[in-house]
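*Asks:* Have a look at this one.
The values are calculated or read from the model by the stated rules, or taken from the named source; none is laboratory data. Computed from a predicted structure; not experimentally measured. Don't worry about glycine lacking a Cβ; one is built from the backbone with ideal geometry, like all the others, and counts go over all protein chains shown. When the accessible area is computed, the model is the full protein with side chains, heavy atoms only, and any ligands, DNA or RNA have been set aside. Shrake-Rupley method; radii C 1.70, N 1.55, O 1.52, S 1.80 Å.
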Amino acid sequence: MILGIDLGTTNSLGAVFRNGQVELVPNAFGDYLTPSVVGMDANGEMVVGKVAKERLITFPDQTVSQFKRFMGSKHDLYIGDRAYKAEELSSFIIRKLIEDAESYTGEKVEEVIVSVPAYFNDSQRYATKLAGQLAGIKIERIINEPSAAALARHRFSQRSEERRVG
């Protein structure tokens, strides 16, 4: 199965193509948007998404958000005493989206395509692919967000025309 990921600054989401249509993948809470937040809980385990976002207020030194802007840079982000690069933190988000997709569909994710901002440079695109490797999957393709939106719009308009004609 191919999973499409919008790896966002504030929220991320996944989508799959099944039964002739695109389906957004709900996370464990039934939400389509997963906050792009990573943190560490009291047991030293990494938490991602809604749980991490809730901990952002009470444990700001154990939680990180808004790290996408540092993709491809040497900037360190800290969770407690440990330094992370943005691509490491992004890998936790990617891994969570893969887990949610596999749980939702009952199928194994074999391939991932990630949309990134059109302004992302080569270093930022490479860092996004590295985040996939750290998550245990190869990102087969990176697509610009505006291109993804245009393709989705084109596909939707074609399907609408088919319905009107047929």
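*Asks:* When only alpha-carbon atoms count, how far does the chain stretch along each of its three principal axes, as whole angstroms with the largest first?
*Replies:* Cα spread of the chain along its principal axes, largest to smallest: 61, 34, 27 Å.
*Asks:* With runs of 4+ DSSP H residues as the only contributors, calculate the mean residue ellipticity of the chain at 222 nm using -39,500 (n - 2.57) per run, divided by the residue total and rounded to the nearest 500.
*Replies:* Per the formula, -12500 deg cm²/dmol.
*Asks:* Enumerate lysine pairs in the chain that are 8 or more residues apart or on different chains, then count those whose Cα atoms are under 22 Å apart.
*Replies:* Within the chain, the lysine pair count is 21.
*Asks:* So how do 46-54, 75-83, 27-35 stack up, highest first, on mean other-Cβ count within 10 Å?
*Replies:* With the highest mean Cβ count within 10 Å placed first, the list reads 46-54, 27-35, 75-83.
*Asks:* Using each residue's phi in the range 29-43, evaluate 6.51 cos²θ - 1.76 cosθ + 1.60 at θ = phi - 60° and report the 3J(HN,Hα) Karplus result to the nearest Hz, with x for Gly and Pro.
*Replies:* Couplings: 8, x, 8, 7, 9, 10, x, 7, 9, 10, x, 10, 8, 5, 8 Hz.
*Asks:* Counting only residues 5 or more places away or on other chains, whose amide H sits under 5 Å from the amide H of Ser36 once H atoms are built in the peptide plane?
*Replies:* Amide H neighbours of Ser36: Asn11, Ser12.
*Asks:* On to the next question. Could you work out how far apart the two model spin labels at Tyr78 and Tyr126 are, taking each label as a point 7 Å from the Cα in the direction of the beta carbon, and quote it in nm?
*Replies:* About 2.8 nm, to one decimal.
*Asks:* Calculate what fraction, in whole %, of the accessible area of the chain sits on carbon and sulfur atoms when a 1.4 Å probe is rolled over the protein chains.
*Replies:* 52
*Asks:* If you don't mind, another one. As an exercise, use a Förster radius of 25 Å and the Cβ-Cβ distance of Thr9 and Ala150 to find the FRET efficiency, rounded to the nearest 0.05. Could you put the intermediate results ahead of the total?
*Replies:* Numbers: r = 21 Å, r/R0 = 0.82.
With R0 = 25 Å, the Cβ-Cβ based efficiency is 0.75.
*Asks:* For the range 13-57 and the range 64-102, write down the distance between their C-alpha centroids in whole Å.
*Replies:* 13
*Asks:* Another question, if that's okay. Pull up the DSSP beta bridges for the chain and report the antiparallel fraction as a percent, rounded to 5.
*Replies:* Values: 20 of 30 bridges.
If we restrict to bridges inside the chain, about 65 percent are antiparallel.
*Asks:* Residue by residue through the range 56-65, which ³J(HN,Hα) values in whole Hz follow from phi under the Karplus form 6.51 cos²θ - 1.76 cosθ + 1.60 (θ = phi - 60°), with glycine and proline marked x?
*Replies:* Per residue, the Karplus-derived 3J(HN,Hα) values read 4, 7, 7, 9, x, 7, 10, 9, 9, 9 Hz.
*Asks:* Still on this model: Do you know the relative contact order of the chain, to the nearest whole percent, from alpha carbon pairs under 8 angstrom that are 6+ apart?
*Replies:* 22
*Asks:* For the range 91-100, what does the Karplus curve 6.51 cos²θ - 1.76 cosθ + 1.60, with θ = phi - 60°, yield as ³J(HN,Hα) per residue in whole Hz, taken in order and with x for Gly and Pro?
*Replies:* Result, rounded to whole Hz: 5, 5, 5, 4, 4, 5, 5, 5, 4, 5.
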